[in-house]
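The next block holds one structure in the form of structure tokens; read it before the comments.
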Amino acid sequence: MSNLADYLNLVVSGAVQGMIIALAALAISLSFAVARFPNAATGDIMTLGAYTAVIVQAAATGSLLAGSIAAMLVTVALSVASYLLVFRKLADRPLVTSLIASIGIAFFLRSTLTLFLGFDQYVFRVPIMRGINFSGVRILPIDLWLASISATVLAGVFALLFLTPLGRRMRAVAADSNLARASGIRSGQVMITLWAIVGLLSAIAGIMVGIKTVVTPELGWDLLLPAFAAAILGGIGSPVGAVLAAIGLGIVQELSTPLVGFTYKIALSFVALIAVLIIRPQGLFGQAERVR
């Protein structure tokens, strides 16, 4: 690294990467806050969304919008079906049961994709545009698009959570599901909305990762660990904390590249995960819970 501009380029790249991680981290944080378990299938649902989008794009005269809409429909349907057919039936069991079930869904999805599509790499067709140069700091237009879309989606989800009656009901179920049910809140509708949002966020995150890199069966798995680390670092069940932690983690990962290399920068997620669990288990923005 020779000068300040190189580091600023890494900061910009890390911020974009962090905005993508934020979508996955928000999906995990929401499932943990409301459904009370971390959904390990989030990564592979992202992979399914990316595959759906890239295949539909190839079959629909190159329309990325058509591919994205198809991907969101597929992942929302899968996420809601997972709740109705699996997680709802395990609601009265220990939470680790739902976690193990989500791991099973993840392996099933990955095995199915590999069986039918193999390990070939798929690439989104996006316009090649020259980067914008600001005194040595180079910003790619596609990164601006991805960051803008991510910010819009995150703002939309937070608006739903904090500005609408549905969001208030969702937060009430997250705070105390029994009290919410006694107050007349229909938890079933809330949970279906939750899992639809999780599917939507997963599809968008998967498509963005596919645009930035290539679509492979490991696409979602590679992003799952940073997303989990961000969700824990920000505070379990704290959506705002998960997003802020994801952006910070993305920047730190990119800044570490000159020191540890591209391959090992993901190890920082392990370090952050372990450090937070030891020093501050409730995360940076979470609150400690008392065990009665």
Output the direction-averaged projected area (hull surface divided by four) of the convex hull of the alpha-carbon atoms of region 8-86, in nm². 6.6 nm²
Rounded to the nearest 0.05, what FRET efficiency is calculated for Val260 and Thr97 with R0 set to 35 Å and r the Cβ-Cβ distance? 0.40
Check: C-alpha center region 60-92 vs C-alpha center region 228-249, spacing in Å is 24 Å
With a 1.4 Å probe and every protein chain kept in, tell me what percent of the accessible surface of region 1-152 is carbon plus sulfur. 70 percent
With springs connecting C-alpha atoms under 10 Å apart, model the chain as a Gaussian network and identify which of Gln282, Gln253, Gln121 has the largest mean-square fluctuation. Gln121
Regarding region 101-208, what whole-number volume in Å³ per residue does the convex hull of its Cα atoms give? 171 Å³
Need one word for region 132-191: rounded, prolate or oblate. Basis is the Cα gyration tensor (sqrt eigenvalues a ≥ b ≥ c); a/c below 1.5 gives rounded, then a/b vs b/c decides. prolate
Rounded to whole Å, √(5λ) for the Cα gyration tensor eigenvalues of region 1-147, largest first, gives 34, 21, 13
Taking N as the number of residues in region 215-256, what is its Cα Rg relative to 2.2 N^0.38 Å? 1.21
Just to be sure I follow: if Rg is taken over the C-alpha atoms of region 96-154 and Rh is the Kirkwood radius over the same atoms, what is Rg/Rh? 1.22
Determine the equivalent ellipsoid of region 133-292 by diagonalising the alpha-carbon gyration tensor, then write out the semi-axes as square roots of 5 times the eigenvalues, largest first, rounded to whole Å. 32, 21, 14
From the backbone phi of region 178-184, what are the Karplus-calculated ³J(HN,Hα) couplings (6.51 cos²θ - 1.76 cosθ + 1.60, θ = phi - 60°) in whole Hz, Gly and Pro given as x? 5, 5, 4, 5, 5, 7, x
If you place +1 on the Cβ of every Lys and Arg, -1 on the Cβ of every Asp and Glu, and leave all else neutral, what size is the dipole of the chain about its Cα centre, to the nearest 20 Debye? 820 debye
Under a 1.4 Å probe, what is the accessible area of region 4-115 per residue, stated in Å²? 40 Å²
Going out from 0 in 10 Å bins, what whole percent of all Cα-Cα distances in the chain drops into each bin? 7, 28, 35, 22, 7, 1, 0
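The values are calculated or read from the model by the stated rules, or taken from the named source; none is laboratory data. Note that the structure is predicted; figures quoted are calculated from it, not measured. Don't worry about glycine lacking a Cβ; one is built from the backbone with ideal geometry, like all the others, and counts go over all protein chains shown. Each accessible area value is taken on the protein alone, full model and side chains, heavy atoms only, with ligands, DNA and RNA left out. Shrake-Rupley method; radii C 1.70, N 1.55, O 1.52, S 1.80 Å.
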